[in-house]
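Structure, as structure tokens:
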Amino acid sequence: MKIGIIGAGNIGGNLARRLTALGHDVSVANSRGPQTLTDLAKETGATPVPAAEAARGAQVVVVTVQLKAVPDLPSGLLDGAAEDVAVIDTGNYYPQRDGRIAGIEDEGRTESRWTEQQIGHPVIKAFNGTYAQDILDRPRPAGAPDRLALPVAGDDPAAKRTVRDLIEQLGFDTVDAGGIDESWRQQPATPVYGLRAGVEGVRAALAEASPERPAEFRA
């Protein structure tokens, strides 16, 4: 598939490494410009592009930037993407870093619902509680007893299936975590956030989650 990655930090960079190794055509962008991505491009074969071009022709777009940077993404970010593009949101709200976001704190939106309203497109929430190094170090074949599972939330069944299939290609099982309005179950400070477990452990952790935002994650 053609995949665009917007954000070249730990998650974005390691996804670029793995996805290119799997044979996908990957474009990668960051806020500082493609000239700052030459080392990653040489290492992986990914194509560095301006953020406004990362989604061009893409069947999957990964948005992996700090939440405070989401409103600053280029307008028309997804113009030119495939008609059925699946957009993955890996983001988390950390008030100490991102500042106070009223739509999350006062209006009760989940972090990913807020993000999709900023970019004007539905998203699939995945990788937000995944350790970046695990993307490189913890892939396992299907059926392996130590294969990890990742929660995946989203409202579009076809896009969710695309993302789950891609995660399974990467060497991880997936658990359907419900729609975006249920994605609070995998936000920071929930039992599943950062959990290294298989399918049953992830399902149990999602079920144990509380919708109340902990004090340390409120501004």
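One table, with the values for the structure above:
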| read-out | value |
| --- | --- |
| Number of the condition not met by Gly76 [criteria: (1) modelled with pLDDT under 95; (2) open to solvent by 60 Å² or more (accessible area, probe 1.4 Å)] | (2) |
| Long-range neighbours under 7 Å by Cβ, at least six apart or interchain, first residue on the phi > 0 side of the Ramachandran plot and assigned to a loop (DSSP other than H, G, I, E, B) within segment 46-66, second open to solvent by 20 Å² or more (accessible area, probe 1.4 Å) and of a type in the set (Lys, Arg) | Gly57/Lys2 |
| Residue ID - surrounded by the fewest Cβ atoms within 10 Å (Cβ to Cβ), chosen from residues in segment 1-30 that are aliphatic (A, V, I, L, M) and part of a helix (DSSP H, G or I) | Ala21 |
| Near pairs, Cβ below 6 angstrom, 6+ apart or cross-chain, from segment 81-110 (farther than 18 Å from Asp181 by Cβ and at pLDDT 95 or above) to any residue that is of a type in the set (Val, Ile, Thr) and part of a loop (DSSP other than H, G, I, E, B) | Thr90/Thr64 |
| Leu136 vs. criteria more than 26 Å from Asp79 (Cβ to Cβ), open to solvent by 40 Å² or more (accessible area, probe 1.4 Å), in contact (Cβ under 8 Å) with a residue 40 or more places away in the chain and out of contact with any strand residue (DSSP E or B) (no Cβ under 8 Å at 6 or more places or on another chain) | yes |
| Residues of segment 83-104 satisfying the condition of being of a type in the set (D, E, K, R) and open to solvent by 40 Å² or more (accessible area, probe 1.4 Å) | Glu83, Asp84, Arg97, Arg100 |
| Residue identified as open to solvent by less than 70 Å² (accessible area, probe 1.4 Å) and over 20 Å from Leu67 (Cα atoms) among Gly154, Gly179, Gly201, Gly194 | Gly201 |
| Single unsatisfied condition, Pro122 versus (1) open to solvent by less than 50 Å² (accessible area, probe 1.4 Å); (2) of a type outside the set (Gly, Ala, Ser); (3) touching a residue at least 40 places away in the same chain (Cβ under 8 Å) | (1) |
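To keep it simple, each residue is scored yes or no on (1) farther than 22 Å from Gly13 by Cα; (2) basic (Lys, Arg); (3) part of a loop (DSSP other than H, G, I, E, B); (4) out of contact with any Lys or Arg (no Cβ under 8 Å at 6 or more places or on another chain).
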{"site": "Arg113", "(1), (2), (3), (4)": "yes, yes, no, yes"}
{"site": "Gln117", "(1), (2), (3), (4)": "yes, no, no, no"}
{"site": "Ala142", "(1), (2), (3), (4)": "yes, no, yes, yes"}
{"site": "Pro145", "(1), (2), (3), (4)": "yes, no, yes, yes"}
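The values are calculated or read from the model by the stated rules, or taken from the named source; none is laboratory data. Just so it is clear, the structure is predicted and the values come from calculations on it, not from any experiment. Because the Cβ atoms are built from the backbone with ideal geometry, glycine has one as well, and the counts that use them run over all protein chains shown. Accessible surface is based on the protein model in full, side chains and every heavy atom, while ligands, DNA and RNA are left aside. Shrake-Rupley method; radii C 1.70, N 1.55, O 1.52, S 1.80 Å.
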